[in-house]
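These notes are about the structure you will find just below.
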Amino acid sequence: METQKLPVRKFILNNGILLGVASVILSVILYVMNMHLDRNWIAGTLGFVLMIIFIVLGISQYKKSNGTFLSLSQALKIGVGIAVLAGVIGSIYQLIFMNVIEPDFMDKMLEKQYEQMIESNPNMTQEQIDMSIEMGKKFSSPLITVAFSLIGSAFFGLIIALIAGLVMKKENTYA
């Protein structure tokens with residue numbers, strides 16, 4: 001008797017959209033609380049925890065729906081799929097935020113980084129500071145920001161899915 005493989009698309013879509021919306025809500029909360037310019041470790045940790053929860057939840061839901069069977073490749077597909085979909089949703093919000101809601105966001109962010117650089121490195125010359133600011137400007141364009149965001153989402157999704165998949169895998173020996 002041959003068993004059919006359960007498609008992963010439904011689990012990716014459901015959990016990827018939920019993670020994306022949760023990430024956007026977290027960003028909106030930070031904006032409303034005027035904390036969007038701060039490199040807040042609590043917000044970063046909360047965002048990472050949300051990613052872990054939704055990826056593990058998606059993999060777990062798939063395993064339960066698949067008769068408790070789960071291969072590592074299925075776990076990786078689900079985890080990376082969830083992370084990339086959430087990354088796309090977050091990137092769309094990020095583009096809207098930087099171009100519509102707060103068009104001078106990147107300038108404010110660079111100014112904040114400039115102040116932090118001077119504060120943490122008082123011995124830097126003005127030339128070194130100017131070089132650092134120019135590098136920051138090159139990497140702060142919306143498209144580069146979105147690209148790094150998507151690459152980061154995919155990478156961390158892969159790591160989380162790999163760990164979750166190794167812990168939860170149960171091969172179907174009858175298939």
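The values are calculated or read from the model by the stated rules, or taken from the named source; none is laboratory data. Everything numeric in this text was worked out from a predicted model, so none of it was measured. Cβ placement follows ideal geometry from the backbone for every residue including glycine, while neighbour counts extend to all protein chains displayed.
Observations on the structure shown:
- Across segment 120-140, the qualifying residues are those that are of a type in the set (S, T, N, Q) and surrounded by 14 or more Cβ atoms within 10 Å (Cβ to Cβ), and the one among them that is nearest to the chain's Cα centre (by Cα) is Ser140.
- Residue-level check: of (1) modelled with pLDDT under 95; (2) more than 16 Å from Leu158 (Cα to Cα); (3) out of contact with any strand residue (DSSP E or B) (no Cβ under 9 Å at 6 or more places or on another chain), Asn14 misses just (1).
- For Gln116, the requirement of being in contact with a helix residue (DSSP H, G or I) (Cβ under 9 Å, 6 or more places away or on another chain) and either surrounded by fewer than 16 Cβ atoms within 10 Å (Cβ to Cβ) or over 30 Å from Lys5 (Cα atoms) (or both) is not met.
- Flag if Ile96 is under 20 Å from the mean Cα position of the chain (by Cα), among the aliphatic types (A, V, I, L, M) and more than 29 Å from Lys137 (Cβ to Cβ): no
- Neighbours by Cβ (under 8 Å, 6+ apart or cross-chain): first from segment 15-44, farther than 23 Å from Gly58 by Cβ and surrounded by 12 or more Cβ atoms within 10 Å (Cβ to Cβ); second modelled with pLDDT of 95 or more and β-branched (Val, Ile, Thr): none
- Checked against the criteria, Val80 does not count as of a type in the set (A, V, I, L, M, F, W, C), surrounded by fewer than 19 Cβ atoms within 10 Å (Cβ to Cβ) and within 13 Å of the chain's Cα centre (by Cα).
- The lone exception for Asn99 - which of (1) surrounded by 12 or more Cβ atoms within 10 Å (Cβ to Cβ); (2) touching a residue at least 24 places away in the same chain (Cβ under 8 Å) it fails: (1)
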